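Accompanying notes for the structure given below.
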Amino acid sequence: MFVGPMMLHGDGKYSTYLNFFSAVNGALNGASHSANEFSFMENVITGADDECALVNAAKTAFPNSLQLYCMLHATDNMQQRLTFHRLIFVFIVFNAIFNL
């Protein structure tokens, strides 16, 4: 099952994501008669853009799930974090050289 981002990004809160994933988990485990056709699934794979609230809620609702990350978002996040740390490093070196 693929659930697009518009289905989840209501307010970006952990509790909102957990409510959604808990409902999906209940449906997959037979709590809903309309989703019994999916109850054969033993393992759940979730995907995200490294949004902490979303990832943590998915891990809570599906403790044995595998978490995948979007390569585009992972690359962007890595580039932003490395740029940020590079700027801090340059600032520290600059201050050390010029004793600011």
Q) Is it the case that the stretch 61-80 has a residue that's touching a helix residue (DSSP H, G or I) at 6+ places or on another chain (Cβ under 8 Å), within 28 Å of Gly26 (Cβ to Cβ), in a helix (DSSP H, G or I) and not polar (S, T, N, Q)? A) yes
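Please determine, by comparing only the residues of the stretch 12-38 that are in a loop (DSSP other than H, G, I, E, B) and under 14 Å from the mean Cα position of the chain (by Cα), which one is modelled with the highest pLDDT.
Applying the filter and picking the extreme gives Lys13.
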(Q) Out of everything in the stretch 58-71 that is at pLDDT below 85 and over 19 Å from Tyr14 (Cβ atoms), what residue ends up being surrounded by the fewest Cβ atoms within 10 Å (Cβ to Cβ)? (A) Met71
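The values are calculated or read from the model by the stated rules, or taken from the named source; none is laboratory data. The model shown is predicted, which means the values in this text are computed figures rather than measured ones. Using ideal geometry, Cβ is built from the backbone for each residue, glycine included, and neighbour counts are taken over all protein chains shown.
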